[in-house]
Amino acid sequence: MRRFAMSTMLFVLACSAAKAAPETYIIDNSRTASQFSYRYLGMSSQTHRFDRVSGTVVFDRAAQSGWAEVSIDAASVNTGHALLDAQMRAPDFFDTANYPVITFKSGKMVLNGDQSSLSGDLTIKGVTRPVTLAVSHFQCMEDPAVQAETCGAQATVTVRRSDFNMGKYPFLVSNDITLNLALKAVKAQSYLQVASRDPSR
């Protein structure tokens, strides 16, 4: 009887440890939106997007913490106007020929209701700066649309484009740029199955 009780306790502890282990999620580009906003001529707010985003989110449920790595294809900038897209890819702005990828690598994730955040390094145009993204609406659940466990969140930060060698034309474009990332990430074990059902991923 004692041996059975000990075995049961060890089994429960093993299950608890497994549940507490950090879990890896793969960003689903087809359901992730990466946008940036700025003020034009000091008046209207303009919002554009990047069409291709990839990366990984690691989440520790027990500690309510984790980390993330996000890569944005800078050449996928999409303003809705071909001429403006070309200007955005040019050396005065993202210079995608020389710096094709924008990256964010977090060293710390804190999940605490309205005070949730992601702190790490943002690299744009070859310049790396420490930033802290405010995180909201973080939630993990079984998503019936893809039949897999999915985590979603909204992450926002405001940076100065002049800090990333993109300070040209200050009379046209505000120096403050707000970056928004509305991401969905699929649990790694299920991602390949989800991707195989949708070749666009």
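Coordinate-derived values only; no laboratory data. Computed from a predicted model, the values in this text were never measured in an experiment. Cβ placement follows ideal geometry from the backbone for every residue including glycine, while neighbour counts extend to all protein chains displayed.
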* **Note, ³J(HN,Hα) from phi for the range 168-183, Karplus 6.51, -1.76, 1.60, rounded to Hz, x at Gly and Pro** => 5, 6, x, 6, 9, 10, 4, 6, 7, 10, 9, 9, 10, 10, 9, 10
* Structure fact -> Between the modelled labels at ALA182 and ARG52 (7 Å from Cα along Cα→Cβ) the distance in nm is 2.3 nm
* To do: Determine, from the Cβ-Cβ distance of SER136 and THR103 and an R0 of 25 Å, the FRET efficiency 1/(1 + (r/R0)^6), rounded to the nearest 0.05.
  => 0.70
* Residues in the range 25-43, backbone N under 15 Å from the label point at GLN189 (7 Å along the Cα-to-beta-carbon vector): list them, ranges by number please. => 25-26
* Quick one: which residues, 5+ away or cross-chain, put their amide H under 5 Å from the amide H of TYR99? H built at 1.01 Å from N. => none
* To do: Give a residue-ordered list of calculated ³J(HN,Hα) values for the range 110-116 (Karplus: 6.51 cos²θ - 1.76 cosθ + 1.60, θ = phi - 60°; whole Hz; x for Gly, Pro).
  => 10, 10, 8, x, 6, 9, 5
* How much length is gained if the chain between ASP60 and SER30 is pulled fully straight, taking 0.36 nm per residue apart and subtracting their Cα-Cα distance, in nm to one decimal? -> 8.3 nm
